[in-house]
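Down below is the structure, laid out as structure tokens.
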């Protein structure tokens, strides 16, 4: 069985999959990849199960060696990867030769990059998931971020008949369609629905919230994305009876600087929530870097649902034969010239 | 977007509210009229202070019992597409697969469960004793709480360990049990600025609640002591020492006993 050896861990690299659901009554949050769309598509390029465990890197990538070789894909943000000195393109499968080194640098786009390996990272599951929850030190690789010298096993489970360069289709390699790349493109407007306490806030407070461009604060992390900008007038009292909080809930503590609860979120909270990020935009939150600027746009829950349905349809019908996609692109370029 | 059923009895007095595009909150009473002592209504004005011990009020106790009953029902008869449940004092957050269900459909399912709430029998509450070494480096805020409430440290310890607490729910981080209700004379506000790191096992108080930090996390509760008991262990079948509905008592121990117990449970 192959392994990944960590030469350099990068700034903050953890094992993540699609997280663990169903343990809210124990206070366990779902965790999982901050940008689930990237993780899923990275895995699918390799013919993995879309929820296979991968490495999530933050802002600065690491260096990894594969003593027995591997097939990998880089998803999410571009960390300027090189494989054995040559640039390694994003969003495609690469065959890594035994002993070859993959090096990643600082991000050139968003906050998080994913190193997916064919067969997934094989690790003991905690409550059904490989995801790391840093605050409690549970899950993932010893419940912590990777360090130099760590060794991770590569699994053997993937869909062998449709894998790139498999015996049944030796020339085939997968690529993402332009429509999926559109889903993955960064956008500075985040869509939200009303939060459970929206009506606690005055019209003036909502106006501030929807008209302000907020900056992502330095101390944002997987638990919460802290925003800086015009203070939202909070309802008198500020605090309320604690209740369950949803992923993407935007709570407004006293002081009026909003916090978006994210994948490693607390499961309950006592601050009023003015809005909640829609499911179709969760992956965009995972790519927000400190100092990035965002704005909020209100949509109705039904609208949020159709956006999610549309997005899932795009992703479900994705994966193109890389060669035919390239020739299509070439053809359309020719056509536009004529 | 809060709405109440026409047939209130049928729905066990529940109201529903959309929390996000993939979750629905069920409230068993008006959330702002009960609960934590420092909670106040949103638009100014004085909270109804007739209730001295809001967590022990019949409204909150009944609401919390309904939360536990609904949770138990939904755990016994899991619904495909309902992904997670987050119980709290008087509410339950139901997280679902938004590709499968709309809010209305989830509400319909919940309505079905709610009609059967009266038939649910909650298990006999377990009684759990948690040994605590109070004061000193383990309880850095003991003296301040004593000063705030004009009593001695010994009296604070005596009071804190004199009552039986109810586990209203687990939340915040894995295994963190919200315990209530704190004796009235111990009620003290949170720290003005939270600590960056509270050691695991720390026993704290905030308003009329008390609890034990299972992990070294940031926290704003005032720390009275520390327990050597591990509140959450991944290598234990039931994971969390406490579950919703348990009764808890704190038993004062000295530093020597703390060290001995810590060794046996390491």
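Only the coordinates and a few stated rules stand behind these numbers; no lab work does. Please read all numbers here as calculations on a predicted model, not as lab measurements. Note: ideal-geometry Cβ built from the backbone for every residue, glycine included; neighbour counts use all protein chains shown.
Centroid-to-centroid, using Cα positions, the stretch A:231-276 and the stretch B:93-149 are 18 Å apart. Quick one: angle between helix B:58-76 and the longest Cα principal axis of chain B, in degrees between 0 and 90, rounded to 10, please. The answer is roughly 70 degrees. Note on the stretch B:127-265: Cα-Cα pairs beyond 20 Å make up 40% of the total pair count. Treating each Cα of the stretch A:3-180 as one equal point scatterer and applying the Debye formula with no solvent, the log10 of I(q)/I(0) at q = 0.12, 0.13, 0.18, 0.20 Å⁻¹ comes out as -0.50, -0.59, -1.14, -1.41.
Between A:247, A:152, A:302, the Gaussian network model of chain A with springs among Cα atoms under 10 angstrom shows the greatest mean-square fluctuation at A:302. At an R0 of 30 angstrom, the distance between the Cβ atoms of residue A:144 and residue A:169 translates into a FRET efficiency of 0.15. Averaging over all projection directions, the Cα-based convex hull of the protein assembly as shown occupies 29.9 nm² in the image plane. Put simply, the C-alpha atoms of chain A give a gyration tensor, and the ellipsoid matching it has half-axes of 36, 24, 17 Å, longest first. Helical runs (DSSP H, four residues minimum) scored at -39500 (n - 2.57) apiece and divided by the length of chain A put the mean residue ellipticity at 222 nm at -5500 deg cm²/dmol. Relative to the longest principal axis of the Cα atoms of chain A, the long axis of helix A:36-45 makes an angle of roughly 10 degrees. With a Förster radius of 25 Å applied to the C-beta separation of residue B:155 and residue B:247, the computed FRET efficiency comes to 0.60.
In the stretch A:67-136, the alpha-carbon atoms span a convex hull of 119 Å³ per residue.
Per residue, chain B reaches -6500 deg cm²/dmol at 222 nm when only DSSP H runs of four or more residues are counted, each adding -39500 (n - 2.57).
Exposure proxy ranking for B:250, A:310, A:126, based on other Cβ atoms within 10 angstrom of each Cβ and starting from the fewest, stands as A:310, A:126, B:250. With all pairs of different C-alpha atoms in the average, the Kirkwood value for the hydrodynamic radius of chain B is 19.8 Å. Take the Kirkwood radius over Cα pairs of the stretch A:111-174, plug it into Stokes-Einstein at 37 °C and 0.692 mPa s, and you get 236 µm²/s for translational diffusion. Computed FRET efficiency, Cβ-Cβ of residue A:162 and residue A:189, R0 30 Å: what is it to the nearest 0.05? According to the calculation, E is roughly 0.25. Computed from the Kirkwood radius of its Cα pairs, the Stokes-Einstein diffusion coefficient for the stretch A:24-63 at 25 °C and 0.890 mPa s stands at 209 µm²/s. Taking the inverse of the mean reciprocal distance over all distinct Cα pairs, the Kirkwood hydrodynamic radius of the stretch A:189-299 comes to 13.6 Å.
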